[in-house]
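The values are calculated or read from the model by the stated rules, or taken from the named source; none is laboratory data. Just so we're clear, the structure is a prediction, and the values are computed from it rather than from any experiment. Ideal geometry is used to build each Cβ from the backbone, glycine not excepted, and the neighbour counts take in all protein chains shown.
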Amino acid sequence: MGALFLGGCVGGGSYQSDKFRLAVTIAPTASLVEEIAGDRVEVITLLPQGNTPESYEPTPRDLAALARASAYLYVGDLGFERSWLSRIGELYPELSLISLRGACLHAADEHHHDPHYWTGIRGIRQMSEQVYEALRGLDPVGDSVYRAGYLALQERIVALEQETRQRLSKAPSRAFVIFHPSLTDFAEEFGLRQLVIEQDGKEPTPMQLQTLIQTARELGVRTVFIQKEFDEKLAKSVAEELGAKQVEINPLGADWGEQLRLITSALSNE
């Protein structure tokens, strides 16, 4: 079955029931579904905590969980999804495959396909809109529930954006270091510079590492973000070389709002 793109660009079947199951790739998506749908929907998250979407290989048990779902809401550009989406469609031809990125990209976004777009406010807003459209399309009977949850979530997102901008206005440095480029959209949205340790998905050469450290010094970097799924040792050594604080983050964590606050707090030196 082909991918179903929502947000004004779609068509597709619907499932009318009191409660149904949705599968998602990552925990932040699961949280959005739960915030909008409450207990009307059961969510199955494919990516286990501690794994990365770039290297994750689903087990037969993981794939079997999809048999219980009415639809699979995928992020759109994650490594696991690129590798497995077609196969999932072959295994479960009745499963609706729904992209949360949407098919109707604005022209300004066509060059920009950061897979971690949910780490920024714009991205989480876009993802929440797609989740809402998916829910009301699959389960029209529950639209009043979904709309109430969606509107409440939008209020939360607006408040979080205002809070983030206000706190980042105090940031002593507009740059930070991270091993994997998980905060690209966040940095772009709030006028920050993300310095990435890895190069094209691989560890940097000694020369590349020294260039990064020199650039970080010139920009006055004070924060190095640590991700357990990637090379902690190298990221920590860079932090020590810079005399910067080390802050552990988890962009794949379920509480996307708290992760954003943690990142903002670190950068604003609060």
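Figures for the structure shown
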| read-out | value |
| --- | --- |
| Flag if L85 is in contact with a strand residue (DSSP E or B) (Cβ under 6 Å, 6 or more places away or on another chain), surrounded by 14 or more Cβ atoms within 10 Å (Cβ to Cβ) and either assigned to a helix (DSSP H, G or I) or of a type outside the set (G, A, S) (or both) | no |
| Flag if E240 is surrounded by fewer than 19 Cβ atoms within 10 Å (Cβ to Cβ), out of contact with any helix residue (DSSP H, G or I) (no Cβ under 9 Å at 6 or more places or on another chain) and either modelled with pLDDT under 95 or under 21 Å from E54 (Cα atoms) (or both) | no |
| Residues located in segment 45-78, provided they are surrounded by fewer than 18 Cβ atoms within 10 Å (Cβ to Cβ), under 16 Å from A27 (Cα atoms), out of contact with any strand residue (DSSP E or B) (no Cβ under 8 Å at 6 or more places or on another chain) and not hydroxyl-bearing (S, T, Y) | P48, Q49, G50, N51, E54, D62, D77 |
| Residue match in segment 110-119 (condition: assigned to a helix (DSSP H, G or I) and at pLDDT 90 or above) | yes |
| Any helices (runs of 4 or more DSSP H) falling wholly within segment 124-238 and containing at least 2 residues that are over 23 Å from the mean Cα position of the chain (by Cα) and not assigned by TED's automatic domain parsing to the domain that holds L32 | 206-218 |
| Filter result for N250 (in contact with a helix residue (DSSP H, G or I) (Cβ under 9 Å, 6 or more places away or on another chain), assigned to a loop (DSSP other than H, G, I, E, B) and among the polar types (S, T, N, Q)) | yes |
| Residues (farther than 23 Å from N51 by Cα and surrounded by 20 or more Cβ atoms within 10 Å (Cβ to Cβ)) located in segment 245-270 | T264, A266, L267 |
| Odd one out for G201 among (1) in contact with a strand residue (DSSP E or B) (Cβ under 9 Å, 6 or more places away or on another chain); (2) surrounded by fewer than 13 Cβ atoms within 10 Å (Cβ to Cβ) | (1) |
